Amino acid sequence: MLKKTSGQIDIRVVILFVFIFIFTLIMGKFIIRTSANLVLGAVFGIAVFILCFISVKYALYTLIFSMLLSPEFGSRTTEGGGMTIRLDDFLLIIIAFGWFARTAIYKELGLFKKTPLNRPILYYMLACGVSTGFGMMFGNVQLFKGFFFLLKYLEYFIVYFMAINYLHDRKQIRNLVIALIGVFVIVCLASIAQIPQGERITAPFEGKGGEPNTLGGYLLLILSVVGGLLLNTNKDDSFKYKAMLGFMVFLAIIPILFSQSRGTWTAVVPCYLTFLIISKKKAFLGIVLVLTLIIGPFVIPKAIKERFEYTFQKQKGWAAQYQEKVGGVTLDTSTSERISSMKKALEAYVKHPVFGYGITGWRFLDAQYLKTLVETGILGITALGFLLYAILRETRKVYKSTEDKFYKGISMGFFAGTIAMMTHALGANTFIIVRIMEPFCFLMAIVVSIPSIQEAEKLQKGEMETTKKNGKPTFTSSPFILRR
């Protein structure tokens, strides 16, 4: 857009055109020396960058539909070997740079909007950065690997700030929630379609060696939000709306069971108990729980029962020596390996108790809290704990303060979902997994933005009432759609 001020063209537009001209010359030389596939990839990346530069809205919806539906290449072993690359990883970087470029040129947009979570996020990122810096100095962390993992952590919170800056009214929140749930339904259907294959199901388009535990965590997080919305319906809501939410709850239970993720199954317990404690529909939830306990053993598929029983099954021969015992209970080799790794992590932590080894500075460990402890020391685990506490505190505050059923349902669901993810993190790196953290940060931004949006709604409603009293016509089509 050309702006003329006292006969002069906006300097930002001149800089932009100069940049485009130079970039076009460089790309022309690059294209004639590069393969067609690489050129197409570069063109796609540039298109996404421009799209995100033009509108944050396009960037956010691109992320929502790509976070679980983008293809994955490569493979990784259970010990953390190998490498996987997803299209979403590239999109996240491109979108982040597009957002930075947009805010750099249009400074009035602001980079990091002030929210109650800014300080906890800053403390956590500082702890990760300082620990990784020391890890690089002492040779525990490879420079390239450590830097890009730090960048990955930062990108998750950039998603949060992008969404916070974008959300200004109820309609935007509603549309984002619909998009998140729409992707959730697609993932459920795609996961259910894998069941006849007889193997553990994973998220769509994953490469070899998929991660059922990641799928289970993601499904439980979004299921919690759907459950929160369902528990906050009332007589005024249509039967169709209630039935749709109830169907989605049932739809998600199937892939959660067939993911055979014991970490996810464990996380269901505190999630459900949270709903039981804070919801006003305790009688309904109590009846559902009793019926599940009575009927469940008779309807649960055989494969699910065998997976559960395998956890406590004693092995014969050489495998028996690798089994750990906890409280006199023998655990399977997979769980035993996790416990053994945790013991080694605690032994290693003692050598670097304050700052840890740095991000990626120690061996692979699939347990969020111990991984954070051994990599970032007491500094990092304290910062993570403070961040999680702040998220729960703010979410509970929103739930308690709002009377709007839609907002109440989202905040209740996210509160229970956060507790579920905190439990899930006992046996998984939940808070660094892109397929969980992206929707988690979106939901976090939605909940944190609710108080300011509600305040704006009240102000607009008050202005409309004042206008009506004065006998003046109004032109706003809805009191819940704010024009900014």
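Scanning the stretch 341-390 for residues that are β-branched (V, I, T) and more than 21 Å from T214 (Cα to Cα) yields V350, V354, V374, T376, I378, I381, T382.
Per this entry, R200 is counted among residues that are outside any helix (DSSP H, G or I), open to solvent by 30 Å² or more (accessible area, probe 1.4 Å) and of a type outside the set (A, V, I, L, M).
When the criteria are applied in full, A303 meets the requirement of being part of a helix (DSSP H, G or I), at pLDDT below 90 and surrounded by 11 or more Cβ atoms within 10 Å (Cβ to Cβ).
For the stretch 270-288, the candidate set comprises residues that are at pLDDT 95 or above and either within 26 Å of R200 (Cβ to Cβ) or assigned to a loop (DSSP other than H, G, I, E, B) (or both); within that set, the residue that is most open to solvent (accessible area, probe 1.4 Å) is Y272. Among the candidates G328, G385, the residue that is at pLDDT 90 or above and either over 26 Å from the mean Cα position of the chain (by Cα) or open to solvent by 30 Å² or more (accessible area, probe 1.4 Å) (or both) is uniquely G385. Total residues in the stretch 242-266 satisfying the condition of being buried (at least 18 other Cβ atoms within 10 Å of the Cβ) and among the basic types (K, R): the figure is 1. Residue count for the stretch 142-183 satisfying the condition of being within 22 Å of V226 (Cβ to Cβ) and in a helix (DSSP H, G or I): 17. Of the residues screened, K344 is not one that is assigned to a helix (DSSP H, G or I), under 30 Å from L276 (Cβ atoms), among the basic types (K, R) and out of contact with any Phe, Trp or Tyr (no Cβ under 7 Å at 6 or more places or on another chain). Taken as a whole, the structure leaves S334 outside the set of residues that are within 30 Å of S279 (Cα to Cα), at pLDDT below 95 and of a type outside the set (K, R).
When the stretch 398-432 is filtered for residues that are among the basic types (K, R) and either free of Cβ contacts under 8 Å to residues at least 24 places away in the same chain or in contact with a strand residue (DSSP E or B) (Cβ under 8 Å, 6 or more places away or on another chain) (or both), only K400 remains.
The residues in the stretch 407-460 that are of a type in the set (A, V, I, L, M), outside any helix (DSSP H, G or I) and over 17 Å from I64 (Cβ atoms) can be counted, and the count is 3. Here L291 passes the criteria (1) more than 24 Å from A367 (Cα to Cα); (2) surrounded by 13 or more Cβ atoms within 10 Å (Cβ to Cβ); (3) not hydroxyl-bearing (S, T, Y) except the one numbered (2).
The values are calculated or read from the model by the stated rules, or taken from the named source; none is laboratory data. Fair warning: this is a prediction, and the values are worked out from it, not measured in the lab. Quick reminder, even Gly has a Cβ in these numbers, built from the backbone with ideal geometry, and neighbours come from all protein chains shown. Protein only, heavy atoms only, side chains kept; ligands, DNA and RNA dropped before computing areas. Shrake-Rupley method; radii C 1.70, N 1.55, O 1.52, S 1.80 Å.
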